[in-house]
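The block underneath contains the structure these notes are about, expressed in structure tokens.
The values are calculated or read from the model by the stated rules, or taken from the named source; none is laboratory data. As the structure is a computational prediction, the values presented were derived from the model and not from experiment. Cβ placement follows ideal geometry from the backbone for every residue including glycine, while neighbour counts extend to all protein chains displayed. Heads up: the accessible areas ignore ligands, DNA and RNA and are worked out on the full protein's heavy atoms, side chains in. Shrake-Rupley method; radii C 1.70, N 1.55, O 1.52, S 1.80 Å.
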Amino acid sequence: MATLEINDLHARVAEEGGERILLGVDLTVESGDIHALMGPNGSGKSTLAKVIAGHPAYEVTDGSISLHLSEADVADVDAELDDEDYHWELLELEPNERAALGIFLGFQYPAEIEGVTMTNFLRQALNAKADEREELFEEEDEDEEEAEADDDEGYETSPMEGPADDGEIGVAEFQEILSEKMELLDMDEKFMQRYLNAGFSGGEKKQNEVLQAAMLEPSVAVLDEIDSGLDIDRLKDVSKGINALRDEQGTGILQITHYQRILDYVEPDHVHVMLDGEVVKSGGAELAEKLEDEGYDWVREDAFEAA
Amino acid sequence: MSSQQDDLKETDTEARFEFKKEENSAFKSEKGLTEETVRVISEDKDEPEWMLERRLRALEQFQEMPMPTDWPGQPDLSEVDINEIVPYIRPDIDKRGGADSWEDLPEEIQDTFDKLGIPEAEKNALSGVGAQYESEIVYQNMQERWEEKGVIFCDMDKAVQEHEEIVREHFMTKCVPPSDNKFAALHGAIWSGGSFVYVPENTTVEMPIQAYFRMNSEGMGQFEHTLIIAEEGSEVHYIEGCSAPKYSAFNLHSGGVEVFVGEDAHVQYSTVQNWSKNTYNLNTKRAIAEKGGRMEWISGSMGSKATMLYPSTILKGRGASDNHITIAFAGEGQDIDTGAKVYHNAPDTKSTVESKSIAKDGGRTNYRGLVHIADGAENSSTAVECDALMFDNESTSDTMPYMEINESKVDVAHEATVGKIGDEDIFYLQSRGLDDDDAKQMIVSGFIEPITEELPIEYAVELNRLVELEMEGSLG
């Protein structure tokens, strides 16, 4: 059981005189819950997603983002932990450390990396996550660590896949997990020999984001407009994948979207509306339907009156 | 020839060795490259008269030619002091025996081998220490298989003795004459060691011929010559490897490579080289392809202070083709100026050039290329693509593709991209758990993937590891 807790978060573009975009966001996402975050363009939704993941283009000026894990969330970590070890202040961590703790950002426009096969990328990501978790949870003797690193070098496999003994997840085990997840998402195995997102259609990229979430098993996944540019079949596949994240891995989902459409397939437990850098209204699934019918003006008026 | 030297020929090896040592100190007091120096090298190698004459002629040409100084954007060669070159020759010959033990090697080299994850036996072979015979065995086994087919693969010095006629006909005559450039002339005068490969008609050498083990152990030195002759219809893949940094007191490397691709023959020349950071790497490599012949150059240039290297191919016969794949990496204080030259001198000839370069910490890379299409070389086509990747705002990258097109019925394409490693790309990988360094490394290994996929696996692994080490800045 993990909880992502965002308190009074203020952030601006990280440059001199950079625009202030987040003006006090409060939001809590628990694992197993699906939250939809809606709002007009420019309200700060994507910025919030990036700030949670630690994008260097934004500077947090106030507030906090905390991640609270439970004993079950760290069952894979071989370390003796005190109670306070389950609470992390994400703003103090690098993006990869946040990822290791179980934060996943599904990108609206994922990067295309030529020359790096999906297989190689996913395996390295899994291994990196496992390594980083160990390091985050226990302070290893540095000498020991170095000795371990030396042992990692070997020639046995293709350079495209990295040394055979690099990391913790073996090739066979990896393939098995991968096949299972791909089948679930109805993805072709050929996918894995292609370069990461390079030449992928919009739909393939979105499917790939969900596949990565399925492989990395995050506690909380922030999905930034994962429904944009999808045809109806692909939307169903992606939705099925998102539901599976919640149902099978207990992932908490923060789904950023403009449209009701995806919410027909991924039913939200909570809906939030963001306006001008703040979450101004929260409710259940019915809120999304009302927004679909009536737009955001009434929310703006409500918010104005309340202020 | 002095009588003293004559006498010494009769004495045992040890005495000859002593003689060399004496000569060594004598050389050091001399200034500049003299005729006497060249005579001693030739004498030392017991060469036929014609080779000595060629050396002396090359020396004359070297002395007549000015240093290249006026190329646009040319690396600074002002530190290359010709007067200092010669005294350094002898120490290298002394090193032929190699260090006595692993521990005697410079720490930098030991360190690199360790980081490359090269097994002990291989390390020793690569560094020329002790276990030479292990590599000899590997080499011997393969050699027997080749010999049955009439393939010759041996040290260049030995080839001059044992395959004199072939060498005499091809050595720096038609392909890379000493008059080509100042450093080719220098090479012609003082060349030493290298590889000789001869493949008879319609013979395919299935396994790549590798001059991997022999690079250091047989003291190929800094002026090695590689001569490859592939007769009609033959096929060979030659790999000159040495991903180990070649340690040397030298600061100049000036090698020569000549490749003769017969009618419908196919030669692939691959190399992954990493030079110590004080080396000026100034080479001349050229191939001549006859009708229907196919030449492929694949090279990874790492290390060195400055590199000027433009492997070239003369497409002499109808339907000949050429393919270049190169990668360059420049770090702090390095200027890597490399590219390709192709001469389309016959109809229906084809060429492709794919160049990748990476610059970081203020390093500079430059693609310098020339495609020449002669009048009458109709239906020829060429495609040049160069991509540069930069890590920071201090690094620079230039592209200088020259195209001389004297025929109208041709197809010419050029494409160049220069990019900085994208922050968004790095962040994407970081958000998946990779740290900053691993993310950059992944992007770079993806960038050079077209090269690594062309190389045999062990070279690909080492190239990747070398790039990794360069990026960590941990290679001396």
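In debye, nearest 20: dipole of region A:1-124 around its Cα centre with unit charges on the Cβ of K, R (+) and D, E (-)?
Details: 6 positive and 25 negative charges, 183 e Å.
The dipole magnitude comes to about 880 debye.
Counts of other chain beta carbons within 10 angstrom of each beta carbon in peptide B:421-428 average 5. Of the accessible area of chain A, computed with a 1.4 Å probe over protein heavy atoms only, carbon and sulfur atoms account for 41 percent.
For the peptide A:117-123, the mean number of other protein chain Cβ atoms found within 10 angstrom of a residue's Cβ is 2.
Determine, from the Cβ-Cβ distance of A:S228 and B:T173 and an R0 of 41 Å, the FRET efficiency 1/(1 + (r/R0)^6), rounded to the nearest 0.05. Display every interim value, and only then the final one.
Numbers: r = 66 Å, r/R0 = 1.61.
With R0 = 41 Å, the Cβ-Cβ based efficiency is 0.05.
Think of a 1.4 Å ball rolled over the protein heavy atoms: chain A then has 46 Å² of accessible area per residue. Peptides A:93-102, A:289-298 ordered by packing proxy, namely the average of other Cβ atoms within 10 Å per residue, highest first: A:93-102, A:289-298.
Sort the following peptides by mean Cβ neighbour count (other Cβ atoms within 10 Å, averaged over residues), highest first: B:357-364, B:465-472, A:8-15, A:185-192.
Working: B:357-364: 23.2, B:465-472: 19.5, A:8-15: 16.8, A:185-192: 14.4.
Averaged packing, sorted descending, gives the order B:357-364, B:465-472, A:8-15, A:185-192.
Between B:K420 and B:E162, the FRET efficiency from the beta-carbon distance, with R0 = 51 Å, is close to 0.45. Within chain A, DSSP assigns beta bridges of which about 60% are antiparallel (rounded to the nearest 5). The coefficient of translational diffusion for region B:341-458, derived via Stokes-Einstein from the alpha carbon Kirkwood radius under 20 °C and 1.002 mPa s, stands at 132 µm²/s. Between B:S78 and B:A413, the distance separating the two model label sites (each 7 Å from Cα on the Cα→Cβ line) works out to 4.3 nm.
Full extension from A:E183 to A:D85: what is 0.36 nm times the residue separation minus their Cα-Cα distance, to one decimal in nm?
Roughly 31.7 nm would be gained on extension.
Per the Debye calculation on region A:195-295 with a single equal scatterer at every Cα and no solvent contribution, log₁₀ I(q)/I(0) for q = 0.24 Å⁻¹ amounts to -1.35.
Stick to Cα atoms and the Kirkwood definition of Rh, then tell me Rg/Rh for region B:234-333. Don't skip to the answer; put the middle values down first.
Values: Rg = 14.7 Å, Rh = 14.2 Å.
Here Rg/Rh amounts to 1.04.
Put simply, chains B and A cover up around 2600 Å² of each other's accessible surface, both sides summed, when a 1.4 Å probe is used. Putting +1 on Lys and Arg Cβ atoms and -1 on Asp and Glu Cβ atoms, find which of A:L185, A:G199, A:H258 reaches farthest to the positive end of the dipole of chain A. Towards the positive end, the residue furthest out is A:H258. Shielding value for A:45-51 is 0, the average number of Cβ atoms from other chains within 10 Å of each residue's Cβ. Per residue, the convex hull spanned by the alpha carbons of region A:1-83 comes to 119 Å³.
Beyond a 27 Å Cα-Cα separation, which of these cross-linked pairs lie in this structure: B:K341/B:K440; A:K205/A:K240; B:K158/B:K341? Let's see the in-between values first.
Numbers: B:K341/B:K440 31 Å; A:K205/A:K240 16 Å; B:K158/B:K341 31 Å.
Over 27 Å apart, Cα to Cα: B:K341/B:K440; B:K158/B:K341.
In this rough spin-label picture, where each label sits 7 Å from Cα along the Cβ direction, the A:E286-A:A57 distance is 3.9 nm. For region B:242-346, the fraction of 1.4 Å probe accessible surface lying on carbon and sulfur atoms is 44 percent.
With each label modelled as a point 7 angstrom along the Cα→C-beta vector, the B:E43-A:D302 pair spans 10.2 nm. Suppose the Debye formula is applied to equal point scatterers at every Cα of chain A; what is log10 I(q)/I(0) at q = 0.09, 0.12, 0.13 Å⁻¹? Result of the Debye calculation: -0.48, -0.84, -0.98.
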